[in-house]
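Below is one structure, written out as structure tokens; the observations come after it.
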Amino acid sequence: MSGRRLIIAIDGPAGAGKSTVAKHLAAHFGLLNLETGAMYRAFALKALGRRLDPGDAASLERLAASTEIVLEPGPAGNRVLLDGADVTERIRDAEVTQAASRVSVHPAIRAWMVDLQREMGKAGGVVMEGRDIGTVVFPDADLKFFLDASPEARSQRRYEQATGPVEIAAASEGISAVSKELRERDDRDRNRKDSPLRPALDAVIIDSTALTLDEVLGRIESIVKERLATEPLVRE
Ligand code: DC
């Protein structure tokens, strides 16, 4: 037995289903689910509270030096502690969502986050989800998945998460606001200079536009099982 424990990286754009898939995989294979977007969101929340400009790298770097962010993985998802206070719900606001994408372009902020994430994941037994896990945080991850879907499908899913299932026609107005927000974030996350969102060369790319959650999970779980059968990385 190698004694090493599995590290699974899941990357992809907003609304591609990463969190749902990561949560299921963690439950199925007994892994910790670490949601790195929540860390950028918590930092953005603090920056907004201090009225800092998300483009002001120097002020953000100073703020980071006196900020503690802790992810507490659990079966219902991650709780996020910002300087000891539980901000799990507050970091989902639309304003925080955009600010998270903006503060995450700065190399010093990314370097800080990546160090924390490596520390959290280094013992293995984790499924870590984000934008740069397979490319930067754990380039040697045992398995890498890149989940994608069309912008329309991702906007529709995001909208339904917020409102419950709706007919596309009836929701078109509300969806257009969601899809504008999503496009802006996609552009920023994909085009930033430091660690832009892109699949690692050795990632399995899954486009879920025309797939159900069960189909996506079925594919990913069979790849994980195959890997575990050839090299049993998970220690009892
Ligand atoms: O996954 P999410 O929607 O919670 O992420 C919020 C923002 O955080 C996202 O728009 C970009 C940034 N992010 C990042 O740059 N790198 C990560 N590993 C995770 C998130």
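FYI, it's all coordinate maths here, none of it is from the lab. Predicted model, so just to flag it, every value in this text is computed and none were measured. Cβ: placed from backbone, ideal geometry, glycine included. Neighbour counts: every protein chain shown.
Assuming R0 = 35 Å, what is the FRET efficiency of R227 and R118, from their Cβ-Cβ distance, to the nearest 0.05? Don't skip to the end; give the middle numbers.
Numbers: r = 22 Å, r/R0 = 0.62.
Plugging the Cβ-Cβ distance into 1/(1 + (r/R0)^6) gives 0.95.
Maximal additional length on extending the F29-T212 stretch stands at 63.8 nm, based on 0.36 nm per residue less the C-alpha distance.
Assigning unit charges at the beta carbon (Lys, Arg +1; Asp, Glu -1) and nothing else, what dipole magnitude in debye, to the nearest 20, does the chain show about its Cα centre? Please list the in-between numbers first.
Working: 33 positive and 37 negative charges, 83 e Å.
With only Lys, Arg, Asp and Glu charged at Cβ, the dipole is about 400 debye.
Annotation: amide H-H contacts under 5 Å for V204 (H modelled 1.01 Å from N, sequence separation of 5 or more, or interchain): K144, F145, F146. Each of L143, V105, A42 was placed along the dipole of the stretch 40-146 (beta-carbon charges, centred on the mean Cα), and the one lying farthest toward the positive end is V105.
For R79, the residues whose modelled amide H falls within less than 5 Å of its own, excluding neighbours fewer than 5 places apart on the same chain, are E72, G74.
FRET efficiency for the pair S66 and N191, taken as 1/(1 + (r/R0)^6) with r the Cβ-Cβ distance and R0 = 25 Å, rounds to 0.25. For the chain, the tally of Lys pairs with Cα-Cα distances below 28 Å comes to 20, considering only residues 8 or more apart or on different chains. Of all DSSP-defined beta bridges confined to the chain, some 30% are antiparallel rather than parallel.
Sorted on the mean count of surrounding Cβ atoms within 10 Å across their residues, most packed first, peptides 72-82, 16-26 read 16-26, 72-82. Simple point charges give the picture: +1 on the Cβ of Lys and Arg, -1 on the Cβ of Asp and Glu, and for the stretch 52-173 a dipole about the Cα centre of about 200 debye.
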